[in-house]
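First comes the structure, then the notes that go with it.
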Amino acid sequence: MNHDNRCRVTKTLLETLLAVVVFTGCAAAQNDPAWTEPFPPFHIAGNLYYVGSKGLANYLIATPQGHILINSDLEANVPLIRASVEKLGFKFTDIRILLISHAHWDHDAGSAMIKQLTGAKYMVMDADVPVVESGGKSDFQYGSAPANLYPPTKVDRVLHDGDEVKLGDAVLVAHLTPGHTKGCTTWTMKVSEGGQMRNVVIVGSPNVNPGYKLAGNTLYPRIAEDYDRTFRVLNSLPCDYFLGAHGNYFDMETKYARFKEGVPTAFIDPDGYQKYVAEREQAFRTELARQRAAPAP
Ligand SMILES: [Zn+2]
């Protein structure tokens, strides 16, 4: 075997090893290319619009008194969000309130930038406030991973479970759905569409990320009870429009294709919501049982 071949073999081996480490060690910490891939903005229902990318969901609630934006995403997404808001005919600088699904970098790293560009008030669920204000450093899972840190951002209003966020005629309710982060928030609102009032649910995240310790987690001792609470809450919410922090929670691309074909109700999916919550709850219970049977060292 000549030197070149050896190099090639070594390089391939290294790449394989690296891929294994990346895949098994910190898959959740890697940024998915779809996160920064543009997606067409569209009207969902009532005063609610989608202004996110292919992989990261953002919602605009537009009112004559200014707008509410849910999620700021990575800093690289901020120009995409701005372009989407403007494409729909709204002014980005009219965003008055910024909310998040939960304090992970893919939903909140751009918050400092958006606050600076718009002067929006940043409103965050109580248990996620220390994470947001430390730029991710106090996160129980990712706090020491430099790639997952972001500019610390001051919170203007601390939210508690059941709090309402109001602007103009828009009312959003913050539901604490913890576990994925300690202050993970599921947003609900009502929209008037076709003369009917409909329930919207924007799921914060019910997911147990790779590496999450559900048993014996000293940094988050009540994590399993918190997931329990999340599934109780999610199971209790009435849902017509099923949405979430990532489009893949609610199969956005398939629904968007139907929507473009002229089905305005494509995003109304109460059955899909129930199935999704049931499937995620089962995944949590399976992982919890697995970890309890074989506790991590
Ligand atoms: Zn997350």
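The values are calculated or read from the model by the stated rules, or taken from the named source; none is laboratory data. Owing to the predicted nature of the structure, the values given are computational and were not obtained by experimental measurement. Using ideal geometry, Cβ is built from the backbone for each residue, glycine included, and neighbour counts are taken over all protein chains shown. Just so you know, the surface numbers come from the protein's heavy atoms only, side chains and all, with ligands and any DNA or RNA stripped out. Shrake-Rupley method; radii C 1.70, N 1.55, O 1.52, S 1.80 Å.
In units of the rule-of-thumb radius 2.2 N^0.38 Å, the range 181-257 shows an alpha carbon radius of gyration of 1.32. Under 5 Å between amide hydrogens, built in the peptide plane, is the criterion, and for Y122 it picks out L98, D156, R157 among residues at least 5 positions away or on other chains.
Among T188, P206, L172, whose Cα lies farthest out toward the positive end of the dipole of the range 160-243, if unit charges sit on the beta carbon of Lys, Arg (+1) and Asp, Glu (-1)? With unit charges placed on the Cβ atoms, the residue in question is P206. Legend: translational diffusion of the chain by Stokes-Einstein, Rh = Kirkwood radius over C-alpha pairs, 37 °C, 0.692 mPa s; D = 164 µm²/s. A simple packing score, the average count of other Cβ atoms within 10 Å per residue, orders the peptides 276-282, 197-203 as 197-203, 276-282, with the highest score first.
Remark: the range 176-189, residue by residue, has Karplus-estimated 3J(HN,Hα) of 5, 10, x, x, 4, 9, 5, x, 3, 10, 9, 9, 10, 7 Hz, where x stands for each Gly or Pro and the curve is 6.51 cos²θ - 1.76 cosθ + 1.60 at θ = phi - 60°. With a/c under 1.5 counting as rounded, go ahead and sort the range 105-182 into rounded, prolate or oblate using the C-alpha gyration tensor (a ≥ b ≥ c being the square roots of the eigenvalues; past the cut-off, prolate if a/b is larger than b/c, else oblate). Verdict is oblate for the range 105-182. For the range 66-207, the square roots a ≥ b ≥ c of the C-alpha gyration tensor eigenvalues yield an a/c of 1.5 or more together with a/b not exceeding b/c, which makes the shape oblate. Highest mean first, the peptides 253-263, 222-232 sorted by other C-beta atoms within 10 Å per residue fall in the order 222-232, 253-263.
Taking Cα centre as origin and charging only the Cβ of basic (Lys, Arg, +1) and acidic (Asp, Glu, -1) residues, the dipole magnitude of the chain rounds to 300 debye.
Note that the range 253-297 presents 67 Å² accessible area per residue, ligands and nucleic acids not counted, probe 1.4 Å. Between A83 and N235, the modelled labels are 4.4 nm apart [label points 7 Å from Cα along Cα→Cβ].
Helical content alone sets the calculated 222 nm signal of the chain at -10500 deg cm²/dmol, taking -39,500 (n - 2.57) per DSSP H segment of four or more residues and averaging over every residue. When the C-alpha to C-alpha distance is required to be over 23 Å, none of the pairs from K115/K166; K91/K121; K255/K275; K137/K213; K54/K255 qualifies. When you count the other C-beta atoms within 10 angstrom of each residue and take the mean per peptide, 235-247, 49-61 line up highest first as 49-61, 235-247. Sorted largest first, the spans of the alpha carbon positions of the range 160-202 along the three principal axes are 37, 18, 11 Å.
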